[in-house]
Amino acid sequence: MFNNTLIRVVSFCVASLFLFAPACIADISEIRYEDVLNVVKSCEKEIHALRWKVRMEITTLPIAGQSGQTQGFEKSPAFAEVLLDFHAKRFKVEEKKQEYGVMRDNSVVKYMHEESSAYDGSNYSAWKRNTHQKPGTDLYQGSSGEIIGDFDSSVVARQFLEGGGLAAVGFRTGVPCFFLPDFIKSETKFFSEFLAEWKENRKLIALFRQNDGDIIIYAKIYPEYMGQYVAKIVYSPGKKGIITEYSTLLSYSNETGDGESYACWLTRCKQSQGGDWVPTTVFLSMPLLGPNGYNTELHYEDFEYLPKIPVEEFRVDFPIGAEVSDHVAKMFYKVGDPIDEDRAIDDFIQLYGFTGDVPSHMRHWNVLRYVLMGIGIFMILIALYRIIQRWRKKQ
């Protein structure tokens, strides 16, 4: 009797251990949504402007040629330097990457792409330079730039801030207090904004706090066609609000508190000399993609937290020789050459035409300018005529 009772007690304890494994083994406890939101917002209040450099490691992607020869592009690491004041919606990005293209005849073409873009809150400015060379041919290099103002600039800036632009320069889980989900077209926002949306749309599944202070969030944030996919997010308040893990799980189990991973971003951090936590490396692993999976890395350098930055910092410096279309001043010119404003305006008009980029008030101003010049010359001639008449009367 005693032995049977003992066996039952032990069995119950073992079953309970597995049932509550997430809380016991991982040393985690449930946390209220309101508490999570308060912690996240407190981290976001400390973020003003950010600056970082990032190196993106990209592997070779071979492509089979029509004649059985190997074709494709070998991409060396791409580099970017980013300055971001997200509160004011200002940014400046400088990118550089090089590729080697293998043609059908097995010749190699070298491509170098450089690009710089900035938005100062009013005007968007950008330039790009492409360089490529085939064996035995001359080096081709083209450089062009533009300045856009008013409504157009806000559209370009918004497109950059929506996913693609910032994601291309390392803006993923490693940047503190921000979030940009995979597989979803979404504007980059503070993490607290996503939390509020998920709560309102009933997408949050579970919230836990670990003993080290990290917060684990499970949420069904993906569209319906992704079925039971669940996002697992590990938010680290003690590390400036860096998301140290973002996994896309094929499912979520209440018993195990986890599921099979489809994609996983892991962020490695360190403390800077000033004591702030900064990201150093972000690892992306997609074990189910292809026979050997897919892996890539982002390496951050010189990550800085900055106070408010002057507007002048968010403008592009055009290189010598760049041909610039200035849609604000309505001029087209080459950097480094003396600017004849009349000629630059005429070139702009010829380049874009009266019905295109040049507004009607600009065309009216050109006509009015010549009318005013004619009136001025006419008045000078009248004054000279009167002076001559008075001089003859005195004679």
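Tabulated data for the structure shown
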item: Residue match in the stretch 222-232 (condition: in contact with a Cys (Cβ under 6 Å, 6 or more places away or on another chain), surrounded by fewer than 19 Cβ atoms within 10 Å (Cβ to Cβ) and under 27 Å from Arg209 (Cα atoms)); result: no
item: Odd one out for Val234 among (1) assigned by TED's automatic domain parsing to the domain that holds Pro181; (2) touching a residue at least 24 places away in the same chain (Cβ under 8 Å); result: (2)
item: Any hit, the stretch 284-297, residues being within 30 Å of Glu115 (Cβ to Cβ) and surrounded by 20 or more Cβ atoms within 10 Å (Cβ to Cβ); result: no
item: Members of the stretch 237-265 that are assigned to a strand (DSSP E or B) and free of Cβ contacts under 8 Å to residues at least 40 places away in the same chain; result: Ser247, Leu249, Ser261, Tyr262, Cys264
item: Residue within the stretch 207-218 that is farther than 18 Å from Asn38 by Cα and in a strand (DSSP E or B) present; result: no
item: Filtered residue count, the stretch 186-231, keeping only those that are under 24 Å from the mean Cα position of the chain (by Cα) and without any contact (Cβ under 8 Å) to a residue 12 or more places away in the chain; result: 3
item: Residue, surrounded by the fewest Cβ atoms within 10 Å (Cβ to Cβ), within the stretch 318-353, restricted to residues that are in a loop (DSSP other than H, G, I, E, B) and free of Cβ contacts under 8 Å to residues at least 40 places away in the same chain; result: Pro338
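The values are calculated or read from the model by the stated rules, or taken from the named source; none is laboratory data. All of these numbers come straight from a predicted model, not from anything done at the bench. So basically every Cβ, Gly included, is an ideal-geometry build from the backbone, and we count neighbours across all protein chains shown.
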